[in-house]
């Protein structure tokens, strides 16, 4: 399987470990990965701030970059950014050529956990992490991309890992892209409630599939001096792997899981 | 008074309001508690009904269809009200509606008016206008509105629970001070006391003003949903009833009203149907109570600004307030923070539309983290977060309503994220540029900060980030993801795994062909 | 005021859609969930559903037979008025019994029961008695016994259309309230009731200004979201199903 890595600007700028872990997991399961270097950003920071016109060329650039390699799939480590790729055809309405290209991308794009679970059909990725952890569900991944199963299914099979439910799991962490910078007073109250909920679980690790949410919650934990380890799901699935533990989704028993 | 001026509920600026809301810890806790309780009730009621997504499609269709053929339905409705012996008045502005009702009260020499909860009457400022009539006594009869009125017309902060921000002690104090209440702070005792006070007043009133959940086009009735039954007393006892309705609050027939009533109750309060669901019109021959004179005031007041634009779906709204009940921003800034009588996601969209500009409500579309909880809960499928984005687009792209420096910064972000050579340069330089700002750990949040370094202060709009939380110090160029990718070598794939992946690939190909 | 035509034309212009297109584009519902939800149940099953839902809406749902009906009503009157002297509302002269004027007494075999009532002697909502008289009578009612049109299983609601003999305030002013309904008139949901009222109104069979769907006693959560039962309307409600009718 040929997979184009949709690295996202946040991972490019801030979180090399997340990108590395994702690539290593995909390659472990037989994917050939490509990283088009002209890619930058899906366009959310400016688009969601109202600069729709100024975002057109950002979207054009990303579309051209991700199509520059003839691959079967595009996979990204951020539910929100992946959803933006899915929305690009709608945002590029009125530009038929780009809209068609964007549609071609949208049709083959997956968020990391859903690609592993639903496309590769992996249930146990062979990882081990001896910890008590909780999971932050990102809003865009859950409600827009509609993916709320894959991460939990995969985490359930990590050896040594105990998952504790996060109270108010449906609530936003207060990131919201530029919202976190433009409305710091509101965003602070939201992320504080999220940090409090995380602490209330007594988990030592916070896991998510959206690095930006983790940057927000983790950054607030750090400012408040709350001790916690922050991990992207890819880092968990890449932790102490023993491939003899690998198991697959049973297509018969788990109807509707595989694409 | 200027048209649309009653929509504003505060003279304080946005940041002040946010701060005030945070300081009101009771109100903030009350909202969070209400949201959590409603989450359980609402989702439970929807689950019990079953097929919720299909119900939403039906709700959306009914409301979209009605808005699409609004002039036809309003025409049909007004014809039917007249043939039932009632009267319909059309008001393009709040001032017209206000003048009509106050003139009617003067003409009929009305001195006692009872009201049942209605946002549109707040929107047109009818209370203040009526109270200018010498000797006029006005009574809000919804318990929450009654409390707000007794508290010198405090502003509502929620569409369904207007007095959510008040606790039992505050209510008790108001009742003691204004009404001579002598009991304790038990909500049951407070409510029973209010019942007694209001019952007496109900019996002496001559005119009622009610809202309208839905007007029924094909028989000229209006449909009202309440739990207290106050609206029904308002519609039984006085000889004159004035119904105020936003012009979009209409459905084709009783069947559609019934469908929406069911969805409204489940979405608003987690009930199957509100305690009282009433269809009503002018008294018919032989009946001894109910209004002999029945007036319906159909109000535009800026609603038509939405028609024919991207904002048209906001007119689908059935005022269930479930978007408020799931909104994390509303959770923290409450109704007061929005500075509009219409708070929450729906209010952030509707308030500028009703006013036709962004003069008073420029910040509201930005008071949103785009978490989209509102869009997913809306029973009539209004794409709320997309409409908020649309406001932002108009504010930034069309009218450049931004603080100058932030605007330039955002345009630079747009430039930087759109040109790969610029971005690559930035990727190479960000570590160097931020190096002077970076602070060395030890970090409480582990595995987040490369080289154990974080940034505590940033310039421009980015300062909003570091005001609240630390930022990772960007990795040096040689350590970033791209540099690693260029040099990394894929490990050998286990043959069994490779076989499975190849098999999956074949399955998917086969599926696609089929 | 704005002229109706000016108002409606303004809407049409702003929407950029001509008026009077509805005739060719009637609403065709995307699904029939309002009809099919809870459909196909027997009257016995519907009664069980109504019972199961009664507690959630603070309704006292009782079932009786036509022959036992007078005795059950006597019990209700004793509970709520005769033996209920401690009720604070009685002190305020809210101690009358309110009954409708209706031909349904005969159907339910209640004529002689009605005519024999003495403690307390009943007061009636009387056609032609006028607004003030009927409202004052209802205001003094410690308890009212009403005839309901339908019972809705899903929500445990009764429905009633206003008649000259059973006015609007009849259901709202009394302190305690009981509604009688036949088992054959149990419907699955509000949809089936609306269908019947809609048809009857359009056919000219039903002349009423007001239809109430009533689901338990008046209540509010307006103070700290604490449920308080009995705000404006009756403090409690009994629905009495007559099983052999």
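Each value in this text was obtained by applying a stated rule to the coordinates, not by laboratory testing. None of these values were measured; they are calculated from a predicted model. We place every Cβ from the backbone using ideal geometry, glycine too, and count neighbours over all the protein chains shown.
For chain A, just say rounded, prolate or oblate: build the C-alpha gyration tensor, square-root its eigenvalues into a ≥ b ≥ c, call rounded for a/c under 1.5, and beyond that prolate if a/b exceeds b/c, oblate if not. Oblate. Take the alpha carbon gyration tensor of the stretch B:409-487, find the square roots of its eigenvalues, order them as a ≥ b ≥ c, and report rounded if a/c is under 1.5; if not, report prolate when a/b exceeds b/c, else oblate. Cα axes put the stretch B:409-487 in the oblate bin.
Using the alpha-carbon atoms, what tilt in degrees (0 to 90, nearest 10) does helix B:384-393 show relative to the longest principal axis of chain B? Computed tilt is about 70 degrees. Which stretch or stretches of the stretch A:105-127 have amide N atoms under 11 Å from the point lying 7 Å from residue B:502's Cα along the Cα→Cβ direction? Under 11 Å, as judged by backbone N against the label point of residue B:502, lies no residue of the stretch A:105-127. Fully extending the segment from residue B:11 to residue B:152 would add 49.1 nm, taking 0.36 nm per residue of separation and subtracting the current Cα-Cα distance.
Between the stretch A:1-68 and the stretch C:12-28, the alpha-carbon centres lie 45 Å apart.
Return the calculated 222 nm mean residue ellipticity for the protein assembly as shown, to the nearest 500 deg cm²/dmol, obtained by summing -39500 (n - 2.57) across DSSP H runs with n ≥ 4 and dividing by the residue count. Value at 222 nm, helices only: -13000 deg cm²/dmol. Residues C:119, C:149, A:192 in ascending order of nearby Cβ atoms (within 10 Å, fewest first): C:119, A:192, C:149. When a/c is below 1.5 the answer is rounded, else prolate if a/b is larger than b/c, else oblate, so apply that to the stretch C:41-242 with a ≥ b ≥ c taken from the square roots of the Cα gyration tensor eigenvalues. The shape class here is rounded.
The mean sequence separation of alpha-carbon pairs under 8 Å and at least six residues apart, normalised by the residue count of the stretch B:409-487, gives a relative contact order of 27 percent. Largest GNM mean-square fluctuation across C:71, C:179, C:144, computed for chain C with C-alpha springs under 10 Å, falls on C:71. A straight chain from residue B:452 to residue B:200 at 0.36 nm per residue would run longer than the Cα-Cα distance by 83.6 nm.
Extending 7 Å from Cα along the Cβ direction at residue B:188 and again at residue A:93 yields two label points whose distance is 5.5 nm. In terms of Cα atoms, the Rg and Dmax of chain B work out to 27.9, 93 Å. Put simply, the convex hull of the Cα atoms in the stretch B:5-304 casts, on average, a shadow of 16.6 nm².
Can you give the angle from 0 to 90° between the axis of helix C:190-202 and the longest principal axis of chain C, with both taken from C-alpha atoms, to the nearest 10? Roughly 80 degrees between the two axes.
Take every Cα pair under 8 Å whose residues are at least 6 apart in sequence, average their separation, divide by the length of chain A, and the relative contact order is 22 percent. For the stretch A:23-49, the residues whose amide N sits under 14 Å from a probe point set 7 Å from the Cα of residue B:486 along the beta carbon direction are A:35-39.
For the stretch B:421-462 versus the stretch B:90-107, the spacing of their alpha-carbon centroids is 61 Å.
Computed over chain B, relative contact order equals 18 percent, with contacts defined as Cα pairs under 8 Å that lie 6+ residues apart. Quick one: work out the % antiparallel among DSSP beta bridges in chain A, nearest 5. If I count the DSSP bridges inside chain A, around 10 percent turn out antiparallel.
Can you grab the distance from the C-alpha centre of the stretch B:8-87 to the C-alpha centre of the stretch C:223-245, Å, no decimals? First find each Cα centre; the distance between them is then 26 Å. What is the calculated FRET efficiency for residue A:159 to residue B:494, with r their C-beta to C-beta distance and R₀ = 25 Å, to the nearest 0.05? Plugging the Cβ-Cβ distance into 1/(1 + (r/R0)^6) gives 0.90.
Taking every DSSP bridge with both residues inside the stretch B:5-304, close to 20 percent are antiparallel. Note on residue A:130 and residue B:137: their simple-model spin labels are 7.8 nm apart, each label 7 Å out from Cα toward Cβ.
Principal axis analysis of the Cα atoms in the stretch A:57-102 yields extents of 29, 23, 17 Å, listed in decreasing size.
Please find the FRET efficiency linking residue B:178 to residue C:56, where r is the Cβ-Cβ separation and R0 is fixed at 25 Å, and quote it to the nearest 0.05. After rounding, the FRET efficiency stands at 0.10. For the pair residue C:28 and residue B:36, a Förster radius of 45 Å applied to the C-beta separation gives a FRET efficiency near 0.70, rounded to the nearest 0.05.
Within the protein assembly as shown, the proportion of Cα pairs with more than 40 Å between them is 48 percent.
Here the Gaussian network model covers chain A, with springs between Cα atoms less than 10 Å apart; of A:37, A:190, A:215, A:37 fluctuates the most. Taking C:231, C:175, C:28 as the candidate residues, the one with maximal mean-square fluctuation in a Gaussian network model of chain C, Cα springs under 10 Å, is C:28. Summarising the strand pairing of the stretch B:217-331, around 40 percent of its internal DSSP beta bridges are antiparallel. Here the convex hull built on the C-alpha positions of the stretch C:1-131 has a volume of 314 cubic angstrom per residue.
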